[in-house]
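Here's the structure we're looking at; comments come further down.
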Amino acid sequence: MQFETWTKNLADLSTDCVAVGVHEDGELSAEARVLDQRTGQKISRLLKRGDFAGKAGETWLLADLEGIGAERVLLVGLGNKSTDLTRKSWRAAVRAAINAAARTRCSALALALPRPAAKLLTDERLGRAVAEVTGHALYRTNDLKSAKKARPHALTRVVVAAPAKAAQAIQKGFTQGSALSAGATLMRNLANLPGNVCTPSYLGKTAEDLAKSYKSLRVKVLGLPEIKKEKMGCFLAVTQGSEEPPRFLVIEHKHPKAKNAPVVLVGKGITFDTGGISLKDPPTMDEMKFDMSGAACVLGTMKTVAELNLPLNVVALVAACENMPDGRAIKPGDIVTSAAGLTVEILNTDAEGRLVLCDALTYARRFKPDVVIDMATLTGAIVVALGVHHTGVFANDDALARELVDSGLSVDDRAWHMPLTEEYGEQLKSNFADMANVAGRDGGSCTAAAFLAKFTGGLTWAHLDIAGTTYQGGAGKGSTGRPSALLLEYLLRRAAR
Ligand code: BES
Ligand code: MN
Ligand code: ZN
C-alpha cells in the first residue's frame with residue numbers, strides 16, 4: 001500500500017474516490033463543502049432526501065458528480081457535532097472509509113476527513129494511525145475454508161489531504177505505520193493459525209525467515225538439548241507432556257549507532273494450552289491457540305523494528321511449547337528447579353505461562369539489559385479485572401510502568417498500571433519449595449506477576465498481561481494485533497531520547 005499527502009484544492013484532485021465527513025444533523029464538514037460548492041450543491045441536495053443519517057461510521061457512496069476531479073465521493077458519518085472530534089471518532093471514520101472503499105473497485109482513496117486537534121493527535125501520529133488503521137481494516141485472516149475466496153480489494157493507494165507544512169511529519173508517520181502494520185499482520189497471522197500448524201518449530205522457522213529478510217537481525221533457535229543445557233527446569237517441566245518439541249528463540253536487532261544496553265522483549269509462546277493435568281473446561285478451549293500471542297507480538301515487533309531499522313539494540317526472547325496432559329506430564333505437587341536455581345512447587349499445571357517465562361527472564365540477564373518487557377496471555381484474572389479494553393501493566397519500576405501506560409494512551413492501545421506490592425509475592429509460599437506457582441483465585445493477575453517478579457530482581461522490568469486485549473472471542477474471533485502499537489510507540493520514544 002502506498003501512502004501520500006495531497007495539498008492542493010480537493011475539488012481538483014483527480015482520483016477514484018474522495019472521502020469527506022458529514023455530521024449527524026446533515027452539516028457538511030469544511031472539505032465536503034468544497035466539493036458541494038463545485039458540484040452546484042448536489043451533495044447537500046442529495047442529503048436532503050434523508051437517505052444518509054451521518055451516524056458515526058456510516059458511509060454513503062456517490063458517483064459521477066459533475067465539476068470535481070474525483071470519480072466517487074464517499075460521505076462518512078462523523079456522528080454528533082456537539083463535541084470536538086475525538087481521536088476515537090476520527091479513527092472510526094478512517095476505518096469506515098477504508099472498509100467502504102475496499103468494497104468497491106477503487107484503487108486509490110483520498111481521505112479528506114476533519115482531524116482531531118493537533119494536541120490530541122500530532123501529524124506524525126496521524127500518519128502512523130492512517131497506515132495502521134488501513135492495514136488493520138484490510139487484514140484478512142489465513143482461513144482454511146475450501147470455498148472460493150471473495151475477490152480481493154483493489155486498493156493500492158491512500159492519499160491524505162493535508163497542508164504542505166504537515167506533509168513531512170505525516171510521511172514519517174506513514175513509514176512508521178506501514179512498518180507497524182507489517183509487524184501486526186505477522187503477529188495476527190501467527191496468532192490466528194491453529195495449534196496444529198503454528199507449533200513451537202513453526203515459530204522458530206518464522207524467526208529464521210525474519211532474519212533472512214533483514215540484515216539487522218541475528219537469530220538463534222534452541223532445541224531440547226540446548227534448553228536442557230540452560231537448565232531451564234520450569235520451561236522443561238511444561239513441555240515434558242508434549243510430543244511437539246519445544247523451541248527457545250533468541251532474535252537480536254543491532255544498530256551501529258545504538259550505544260545503549262538493549263531492550264529485551266520476552267514473549268509467552270504456549271502454542272496450545274490445554275491446562276495440562278489441571279485440564280481446562282471444553283467451552284472456548286480452542287481459544288488457547290492464542291496462548292502464544294505474546295510470542296507473536298514479540299516476533300511482529302522485531303519485524304517492525306527491523307523494517308524501520310530503529311537506532312536501538314533490541315533482543316527478543318520466546319519460550320515456545322505446548323501445555324498437554326500425558327503420562328509424562330507434570331502433576332500437581334511436582335517440584336522443579338528453575339534456571340535461576342529457585343525451586344517451584346507446581347500446584348496447578350494450568351499456571352504454565354509463568355513457568356516458561358521465569359526461565360526466559362533469567363536468560364535475559366546475560367544481555368545486561370536496560371529494560372526487560374514481557375508480554376503474555378498470562379491470566380484469566382486480568383480479564384475479570386480490566387475486561388478487554390486495557391492491557392494490564394505490572395512493573396518493578398514505576399517510571400517504566402508510567403511510560404508504557406502513556407505510550408499506549410497516545411496511540412489508542414491502552415494499558416492500566418496494576419499493583420505489584422510485596423503482599424502478592426508472600427501469597428506464593430510453599431511448604432515444600434521456594435515458592436508455589438499459584439496463590440488462589442483472588443488477585444490472580446497480581447500474584448502471577450508477583451511470581452515473575454521473583455525472577456527479575458535487579459532488572460528494570462515490566463510485564464504486560466494481554467489475555468483480555470490480544471484476541472477477541474465470539475463472532476469476531478481472532479487476533480487484535482495488540483499491544484503492537486503500544487510497543488512501537490514505547491520504542492520510538494526510546495529511540496528519540
Ligand atoms: N493461558 C491462560 C490464561 C488465559 C485465560 C488467557 C483466559 C486467555 C484467556 C493461563 O495459562 C492460565 O491458564 N492461567 C490460569 C492461572 C490459574 C491456574 C492460577 C487462569 O487464568 O485460570
Ligand atoms: Mn494455562
Ligand atoms: Zn496459558
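The values are calculated or read from the model by the stated rules, or taken from the named source; none is laboratory data. Owing to the predicted nature of the structure, the values given are computational and were not obtained by experimental measurement. Don't worry about glycine lacking a Cβ; one is built from the backbone with ideal geometry, like all the others, and counts go over all protein chains shown. Accessible surface is based on the protein model in full, side chains and every heavy atom, while ligands, DNA and RNA are left aside. Shrake-Rupley method; radii C 1.70, N 1.55, O 1.52, S 1.80 Å.
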request  = Quick one: which residue in Ala161, Ala117 is more than 28 Å from Ala63 (Cβ to Cβ) and hydrophobic (A, V, I, L, M, F, W, C)?
outcome  = Ala117
query = Of these, Ala320, Ala401, Ala364, which one is surrounded by 17 or more Cβ atoms within 10 Å (Cβ to Cβ) and within 16 Å of ligand 1 (Cβ to nearest atom)?
reply = Ala320
request  = Determine, yes or no, whether Ala329 is of a type in the set (A, V, I, L, M, F, W, C) and under 30 Å from Arg128 (Cβ atoms).
outcome  = no
remark   = Quick count over segment 5-30, residues being farther than 13 Å from Glu71 by Cα and either out of contact with any helix residue (DSSP H, G or I) (no Cβ under 8 Å at 6 or more places or on another chain) or open to solvent by 50 Å² or more (accessible area, probe 1.4 Å) (or both), is 10
inquiry  = Suppose we keep only residues that are of a type outside the set (D, E, K, R) and at pLDDT below 95 within segment 53-68. Which one would you say is farthest from Asp412 (Cα to Cα)?
reply    = Ala53
note = In segment 459-497, residues that are buried (at least 23 other Cβ atoms within 10 Å of the Cβ) and in a loop (DSSP other than H, G, I, E, B) total 8
ask   = For segment 237-255, how many residues are part of a strand (DSSP E or B) and charged (D, E, K, R)?
value = 2
request  = Find the strands (runs of 3 or more DSSP E) located wholly in segment 256-370 whose residues include 2 or more that are over 22 Å from the mean Cα position of the chain (by Cα) and under 20 Å from Ser216 (Cα atoms), and list them.
outcome  = none
query = Between a first residue in segment 208-237 that is under 21 Å from Ser338 (Cα atoms) and a second residue that is aromatic (Phe, Trp, Tyr), which pairs have beta carbons less than 6 Å apart while being 6 or more apart in sequence or on different chains?
reply = Leu222/Phe248; Ile227/Phe248
message = Among the residues in segment 330-337, are any open to solvent by 10 Å² or more (accessible area, probe 1.4 Å), more than 16 Å from ligand 2 (Cβ to nearest atom) and not aliphatic (A, V, I, L, M)?
response = yes
ask   = Conditions: (1) hydroxyl-bearing (Ser, Thr, Tyr); (2) out of contact with any helix residue (DSSP H, G or I) (no Cβ under 9 Å at 6 or more places or on another chain); (3) under 22 Å from Gly468 (Cα atoms). Tyr363 meets all but one. Number of the miss?
value = (3)
remark   = Apart from one, (1) within 16 Å of ligand 2 (Cβ to nearest atom); (2) buried (at least 24 other Cβ atoms within 10 Å of the Cβ) all hold for Gly408; the odd one out is (1)
inquiry  = Among the listed residues Leu210, Leu236, identify the single one that is crowded, with 16+ Cβ neighbours inside 10 Å, assigned by TED's automatic domain parsing to the domain that holds Ile270 and within 16 Å of Val315 (Cα to Cα).
reply    = Leu210
request  = Answer with yes or no whether Ala96 is open to solvent by less than 40 Å² (accessible area, probe 1.4 Å) and assigned to a helix (DSSP H, G or I).
outcome  = yes
request  = Could you look through segment 344-397, keep only residues that are acidic (Asp, Glu) and farther than 19 Å from Ala436 by Cβ, and pick out the one that is nearest to ligand 3 (Cβ to nearest atom)?
outcome  = Asp374
note = If we ask which residues in segment 65-80 are part of a loop (DSSP other than H, G, I, E, B) and within 10 Å of Gly21 (Cβ to Cβ), their number turns out to be 2
key: segment 374-397: number of residues that are closer than 25 Å to Val250 by Cβ and surrounded by fewer than 24 Cβ atoms within 10 Å (Cβ to Cβ)   = 2
inquiry  = Let me spell it out: the conditions are (1) buried (at least 18 other Cβ atoms within 10 Å of the Cβ); (2) assigned to a helix (DSSP H, G or I), and Arg45 meets all of them except one. Which number is the exception?
reply    = (1)
query = Which pairs have Cβ atoms under 9 Å, sit 6 or more apart or on different chains, and link a residue in segment 118-130 that is without any contact (Cβ under 8 Å) to a residue 12 or more places away in the chain and more than 21 Å from Ala19 (Cβ to Cβ) to one that is surrounded by fewer than 15 Cβ atoms within 10 Å (Cβ to Cβ) and of a type outside the set (S, T, N, Q)?
reply = none
task = Inspect segment 129-147 for any residue being open to solvent by less than 30 Å² (accessible area, probe 1.4 Å), hydrophobic (A, V, I, L, M, F, W, C) and over 30 Å from Val197 (Cα atoms) and give the result as yes or no.
result = yes
